[in-house]
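This report refers to the structure that appears directly beneath it.
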Amino acid sequence: MKKIFFLKFIDAILGKLLCKILSQKPATRYVPTRFAKILYIRPGGIGDAVLLLPSIIALKHSNPGAEIDILAETRNCAIFSLCPEINRVILYDSPTQLLSILRKKYDVVIDTEQWHRLSAVIARLTRAPMTIGYSTNERKRLFTHPITYSHDDYEMNSFFRLLIPLMGKTDDEVKVPFLSIPSETLESVRLLLNPLLSTKVVALFPGASIRERKWGSHKFRETATRLSAKGYSVVVMGGKEDISDAGEIVSGLDNAVNFCGKTSLVETTAILKESALLITGDSGIMHIAYGLGTPTVSLFGPGIEKKWAPKGENVAVINKYLPCSPCTKFGYTPRCNKGAECMSQITVDEVYEKAIELLER
């Protein structure tokens, strides 16, 4: 977390200044005749990383011989190990690895960051003949091909739009699943889940990156209790920060397990693959489930449903659509002085009914 805040602080202080300095010489609009080496820049969280993958797969399929590298952060880099089309992952928050890309020649650099400026600065410093990125602020002057961005578009489609300068009109129809889990990980997770697999497994994710997106451990507890009484097994997933809440959720339930803080991101993905359903707030875990084709009950409040909610028949989205929501913009959610009513008004009855509907479909 400290690294994230540090990068945002540097961006706020130096981002505008560096954009101004580097844009004094306008980027020359140029399209290479071949795209042998491509660099994607994807700082940020897990959800963005997952939703970026289908466009990477599409670009690789249209350019089978291309070498595709990803400049990612430690917090989201594991997602890219689930995409065989990617050749190499470089860490954005490692100074040594970050500097290494400036010594490598790329034909195209695609910056997928939506707002912050440092990634656009890095794209410019690569001296690639073609740079593509969103024109959301001063960063637009650093790209040879700036692309418009809208909060009204599903984020996966926004990522596909970055390919227009390379491929013309893109076919953004996505084939699910698009995440590839190593077979050895799937085998080990099946052994881990074996005591539960005699019934359908429902995964719960009570965590959130900010408190305004939390539904409440007591509500997850009541939902888990009802599902357990109905004969379903329950697994709770999350990080070390979720261990206490998860312990409350599974306490006293015979067919429930707390995996919080015990599994890697790839193992968590494998657990979701073996699950019949996920119940979660607006989170990176939600997008992983979508990428696997796992049915999902998604609880929305502060986040923009139109931009982030999973699509398809196996998805149920619960949203109270209060006048003050959504309130998140470019990853920032203001502190709520109303007790996050958009989340607290979602009832256990609503969530349980949607869960059973999807489980019995």
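Numbers at a glance
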read-out: Strands (runs of 3 or more DSSP E) lying entirely in segment 265-361 (those with 3 or more residues that are touching a Leu at 6+ places or on another chain (Cβ under 6 Å) and either modelled with pLDDT under 95 or not acidic (Asp, Glu) (or both)); value: 277-281
read-out: Near pairs, Cβ below 7 angstrom, 6+ apart or cross-chain, from segment 325-347 (open to solvent by 60 Å² or more (accessible area, probe 1.4 Å)) to any residue that is of a type in the set (Gly, Ala, Ser); value: Pro326/Gly303
read-out: Subset of segment 130-152 (residues that are out of contact with any strand residue (DSSP E or B) (no Cβ under 8 Å at 6 or more places or on another chain) and open to solvent by 40 Å² or more (accessible area, probe 1.4 Å)); value: Glu138, Arg141, Asp152
read-out: Scan of segment 172-201 for residues that are out of contact with any strand residue (DSSP E or B) (no Cβ under 9 Å at 6 or more places or on another chain) and open to solvent by less than 50 Å² (accessible area, probe 1.4 Å), ordered by number; value: Val174, Phe178, Leu179, Ile181, Pro182, Thr185, Leu186, Val189
read-out: Every residue from segment 45-67 that is part of a loop (DSSP other than H, G, I, E, B) and either open to solvent by less than 10 Å² (accessible area, probe 1.4 Å) or modelled with pLDDT of 95 or more (or both); value: Ala66
read-out: Output for segment 202-224, where each listed residue is more than 20 Å from Pro302 (Cα to Cα) and crowded, with 20+ Cβ neighbours inside 10 Å; value: Val202, Ala203, Arg221, Thr223, Ala224
read-out: Some residue of segment 165-183 being at pLDDT below 95 and of a type in the set (Lys, Arg); value: yes
read-out: In segment 254-264, residue surrounded by the fewest Cβ atoms within 10 Å (Cβ to Cβ) [restricted to those that are touching a residue at least 12 places away in the same chain (Cβ under 8 Å) and assigned to a loop (DSSP other than H, G, I, E, B)]; value: Asp254
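Quick grid of which residues meet (1) surrounded by fewer than 24 Cβ atoms within 10 Å (Cβ to Cβ); (2) out of contact with any strand residue (DSSP E or B) (no Cβ under 6 Å at 6 or more places or on another chain); (3) among the acidic types (Asp, Glu):
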position: Leu277; (1), (2), (3): no, no, no
position: Thr280; (1), (2), (3): no, no, no
position: Tyr290; (1), (2), (3): no, yes, no
position: Gly312; (1), (2), (3): yes, yes, no
position: Val317; (1), (2), (3): yes, no, no
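The values are calculated or read from the model by the stated rules, or taken from the named source; none is laboratory data. All values derive from a computational prediction rather than experimental measurement. Please note: Cβ atoms are built from the backbone with ideal geometry, for glycine as well, and neighbour counts cover all protein chains shown. The protein model used for the area step is the full one, side chains on, heavy atoms only, and it has no ligands, DNA or RNA in it. Shrake-Rupley method; radii C 1.70, N 1.55, O 1.52, S 1.80 Å.
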